[in-house]
1. Does any residue of region A:361-377 turn out to be in a helix (DSSP H, G or I) and surrounded by 23 or more Cβ atoms within 10 Å (Cβ to Cβ)?
2. Does region B:103-111 contain at least one residue that is buried (at least 18 other Cβ atoms within 10 Å of the Cβ), facing chain A (nearest Cβ under 9 Å), under 13 Å from the mean Cα position of the chain (by Cα) and free of Cβ contacts under 8 Å to residues at least 60 places away in the same chain?
3. How do the pairs read when you match residues in region A:319-331 that are among the aliphatic types (A, V, I, L, M) with residues anywhere that are outside any helix (DSSP H, G or I), using Cβ under 9 Å and keeping only pairs 6 or more apart or on different chains?
4. Using beta carbons and a limit of 6 Å, which pairs, at least six apart or on different chains, have the first residue in region B:89-100 and free of Cβ contacts under 8 Å to residues at least 60 places away in the same chain and assigned to a loop (DSSP other than H, G, I, E, B) and the second one of a type in the set (Gly, Ala, Ser) and surrounded by fewer than 24 Cβ atoms within 10 Å (Cβ to Cβ)?
5. Among (1) out of contact with any His (no Cβ under 7 Å at 6 or more places or on another chain); (2) under 26 Å from B:HIS21 (Cα atoms); (3) away from chain A (no Cβ under 12 Å); (4) at pLDDT 95 or above, which single condition is B:LEU56 missing?
6. Please go through (1) assigned to a loop (DSSP other than H, G, I, E, B); (2) within 24 Å of A:VAL7 (Cα to Cα); (3) in contact (Cβ under 8 Å) with a residue 60 or more places away in the chain for A:LEU316 and return the number of the only condition it doesn't satisfy.
7. Is it true that some residue in region A:319-342 is surrounded by fewer than 24 Cβ atoms within 10 Å (Cβ to Cβ) and not β-branched (Val, Ile, Thr)?
8. Which of the residues that make up region A:293-310 are of a type in the set (A, V, I, L, M) and within 16 Å of the chain's Cα centre (by Cα)?
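The values are calculated or read from the model by the stated rules, or taken from the named source; none is laboratory data. Bear in mind the structure is a predicted one, so any value in this text is a computation, not a measurement. Neighbour counts are summed over all protein chains in view; Cβ atoms, including those assigned to glycine, are modelled from backbone coordinates with ideal geometry.
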Amino acid sequence: MSFSNDVFVLGVGMSRFGGPAQQLDERIIAASLEAIEDAGVPYADVESLYLGTSLAASTYGPPVVKDLGLTGLPVTRIENASATGGATFYEAVQAVGSGRLDLAMGIAFDDPSTSAVPDFNEVEGISPVLDPFVPPMAFFSMWAVRRMHEAGTTAETLAMIAAKNWNNARLNPNAERQATEEITVERVLGSRMLAYPHTARMAAPQGAGAAAVIVGSKKALERYGIAARVRVTAAQAHSERYADGHLFTGAIIGPPEMIERAAFSAYEQAGIEPTDLGVIAFHDAYAIEELLYYESVGLCAPGDGDGLVHDGQTQLGGRFPTSTDGGFIGRGHPSGPTGLAQIWELTHQLRGTAGDRQVANPRNGLAHIVGGGSVCYAHILQSV
Amino acid sequence: MTTNEPAQRSKSPAQYSFDDHGAVSIHGSKSDSLGTLYWPPRLRCPRSGGTVSPTLLSTTATLYSWSFVVMPWRGDVAPNGNPDGYGVGLVDLDDDGPRMAVVLMGDAESFVIGETFEARELPFTTVDGNPQSILAFEPSAS
């Protein structure tokens, strides 16, 4: 699917994930006001608002954003598990890209400590899809063990990915994990084992958070006298197709084919190749994911991801800087807002405003996120 | 435990069951048009959208991958009662059966990718005096 109208990121905002105790309402309003100020457009002119949350009670959200102004605009809640933020951005982008609107806003948020969503297995009449004895981390760990069996990947490689993301997070004031000193591979390997081979430092924390984005058309840029700096060149939403070894229970992130299909359809829409990417955001809830996704999205050939890590090519100064804000492992993964945090980071990187973690002149950025069930979103942002 | 009654496992439909002697039945679906086997049972064939029929699946399998969970999820008890953790695995059921995510019995050293595993009943607790069991797999050699 291509856009009828060009879509630009006008403004982004984000509250620090995790961190000191803070009401979710306050986080939402702070992130939203930052995005509004960053965009330089009046909230009253926003034509549609998409609220992303995967954990909040059904009526939570619209009452909170009343504090931004009772403008009468359409407000729609979006939910797609871990990919909720990606879905929220996707809907806002489609609204503008289709030519239907000139100004749309996405706000996403969650506080896992106050989740209102019951466990699947506790709902009468719904078949359990997640066995409590095979928790999400077990699935990713089984990916890792299979990878070790097939390609000789070691726990050290997974620890190198995690250490990179921890240390990138040290440069991001909005990251949940703020280590006071450099995190070494040894410290990652020495942390508490969760499910072999993943240790606690190879897994994402889940503090509360909120993030917001405003997208607009070329007409909106002209109306408000805004210079275009970041354009959305691709927005792709995908779900599973049947594959050998298909799983129908568990924390299903989907077969590799879906991961790959989402990325490559985005490249096609944007008219770029994987080698054109200068900054990449992944769903690195567990370290094995980032390693496998290097290959799925075409940063290297299948089986070559380990070499990419050991050669430093995914570090801030490498050929393909990934998880530059710390990723899920360092920045955190509240659930709902995580996808918009990816957009926040790519936007700053493409503007050249990412501070100490700025990579050198990125032209294209990929935000790639999956959600249990399973779904996958891929967005490409381009500096202009 | 009552013969051929589904395992007492939190309101689930019959995904597996045990008889009085602990023999395991794994309940799945077979696509009427494609013959593809699914677990757990489906309402329709996910590949064709067509009808499915109930079927019993093989109780032997090949280990595709495994892990050893040290920290039970959300404070749940470990199914084997071992505070050091328990095994989990992805197993491919024989006779072109589907892949399942299951609990594995045994030590991590006994989990070898490509080896044959067999379905077992694993009692793990009682609720109001009623035994609660789950489906697990263990290495065939043990």
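1. Restricting attention to region A:361-377, the residues satisfying the condition of being in a helix (DSSP H, G or I) are none.
Scanning region A:361-377, I find no residue that is in a helix (DSSP H, G or I) and surrounded by 23 or more Cβ atoms within 10 Å (Cβ to Cβ), so the answer is no.
2. Within region B:103-111, one or more residues are buried (at least 18 other Cβ atoms within 10 Å of the Cβ), facing chain A (nearest Cβ under 9 Å), under 13 Å from the mean Cα position of the chain (by Cα) and free of Cβ contacts under 8 Å to residues at least 60 places away in the same chain.
3. Qualifying pairs under 9 Å: A:ILE329/A:ARG177; A:ILE329/A:ALA203; A:ILE329/A:ALA204; A:ILE329/A:PRO205; A:ILE329/A:ASP284; A:ILE329/A:ALA285; A:ILE329/A:TYR286; A:ILE329/A:SER323.
4. Taking only residues 6 or more apart or on different chains, the pairs are B:ASP94/B:SER58; B:ASP95/B:SER58.
5. Of (1) out of contact with any His (no Cβ under 7 Å at 6 or more places or on another chain); (2) under 26 Å from B:HIS21 (Cα atoms); (3) away from chain A (no Cβ under 12 Å); (4) at pLDDT 95 or above, only one is false for B:LEU56: (1).
6. The single condition A:LEU316 does not satisfy is (2).
7. Checking region A:319-342: at least one residue is surrounded by fewer than 24 Cβ atoms within 10 Å (Cβ to Cβ) and not β-branched (Val, Ile, Thr).
8. A:VAL297
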